[in-house]
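Enquirer: If you scroll down you'll find the structure; I have some questions about it.
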Amino acid sequence: MTTQHDETRPITLLLVDDEDSFRMILQEVLSADSGLHVLAADSGEASLKILKREHVDVVLLDYKMPGMNGLNVLQWMHERKMETPVIMLTAAGTEAVAVEAMKLGAYDYIRKEQIDLNHLPVIIHGVYERYLFRQEKELRQIIESEQIKSILAIDLFHSTLASLSEIVTSSISMVVNNLDRYEEELLPLVPPEHQPSLRKGIARMRQDYSLVSSATRSVFQMANRLHANASHGAHTAEFSKSLEEYRRAAQTSLMELQQHTSG
């Protein structure tokens, strides 16, 4: 979705009208505006060929044409979700046509018998500016919606991980606190020659639980950092940086645990 116009190039206007003399006058007047590059079509069918192969910024479209009329062209554009802004040229007594054109997405309409040739370029530039503003607004809304989804996901991740971290940490603390009692109770039951092995095994269990606890803290710190950044509206790049930092920390702790338990 493009929301900016390169001001170094003119706006490309497609002028569609079957009346040769009227079309030629408009083309001459509009081409005199350095901010407009004018393409012309003498029928609805010809305009479709241009729309298919050319980039067009604005369409100035006559309603009453033999064969494919202006509403037909607008309907064709609407069905293909073409967002190019259209200004419909209507005649006296065709107010219903103007209403239908606006329903199909036309940005404006002008009565042909009331056209002010001096003011027409201003109208075209104004319609294109409205189009850019609408595109930019829609893009901002999409970005804001995605940001809200991201924040909600991070909130859920943070709360879930906080609960899991509390459970894991509590369980590890309970086991570690009981190791001394287990060692004290088991040593008298083990022959003296096997007691060093028992002490070594229990010491290794303490190290294993310590590594698990460290990995758990790393992951929870990651969640805290992401949650804090989200709460303060941090840029996505900062999210990615924080996530990568703590992902590496958690991965390191996991590798140390795997190496220790397999050693």
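Enquirer: Give me the net charge of Leu14's neighbourhood, meaning all other residues with Cβ under 10 Å from the Cβ of Leu14; Lys, Arg count +1, Asp, Glu -1.
Expert: -2
Enquirer: Right, another one. Going down the list Lys64/Lys137; Lys81/Lys112; Lys81/Lys137; Lys103/Lys149, which pairs span over 23 Å between their C-alpha atoms?
Expert: The answer is Lys64/Lys137; Lys81/Lys112; Lys103/Lys149.
Enquirer: Under 14 Å from the Cβ of Val175, count the other residues' Cβ atoms, weight Lys and Arg +1, Asp and Glu -1, and hand me the total.
Expert: Local charge sum for Val175: 0.
Enquirer: Under the √(5λ) rule applied to the eigenvalues of the Cα gyration tensor, what semi-axes describe the equivalent ellipsoid of the range 70-148? Give them in Å, descending.
Expert: 28, 17, 9
Enquirer: Beta carbons within 10 angstrom, averaged per residue: use that to sort the peptides 9-21, 25-37, 179-191, highest first.
Expert: Ranking the peptides 9-21, 25-37, 179-191 by packing returns 9-21, 25-37, 179-191.
Enquirer: Once you list every other residue whose beta carbon is under 14 Å from the beta carbon of Asn72, what net charge do they have if Lys and Arg are +1 and Asp and Glu are -1?
Expert: Net of charged neighbours comes to -3.
Enquirer: Something else about it: Under 5 Å between amide H atoms, partner at least 5 residues away or on a different chain: which partners does Thr12 have, H built in plane at 1.01 Å?
Expert: Close amide H contacts, sequence-distant or interchain: His37, Asp57, Val58.
Enquirer: Leaving ligands and nucleic acids out of the surface, order Ile167, Ile124 by accessible area at 1.4 Å, largest first.
Expert: Ile167, Ile124
Enquirer: Could I ask something else about it? Check Tyr109: other-chain or 5+ apart residues with amide H under 5 Å from its amide H, H built from backbone geometry?
Expert: Correct list: Met88.
Enquirer: For the range 27-182, with all protein chains present and a 1.4 Å probe, just round the carbon and sulfur fraction of the accessible area to a whole percent.
Expert: 55 percent
The values are calculated or read from the model by the stated rules, or taken from the named source; none is laboratory data. Just so it is clear, the model here is predicted, and its values are computed rather than measured. Every residue, glycine among them, receives a Cβ derived from its backbone with ideal geometry; neighbour counts consider all protein chains shown. Heads up: the accessible areas ignore ligands, DNA and RNA and are worked out on the full protein's heavy atoms, side chains in. Shrake-Rupley method; radii C 1.70, N 1.55, O 1.52, S 1.80 Å.
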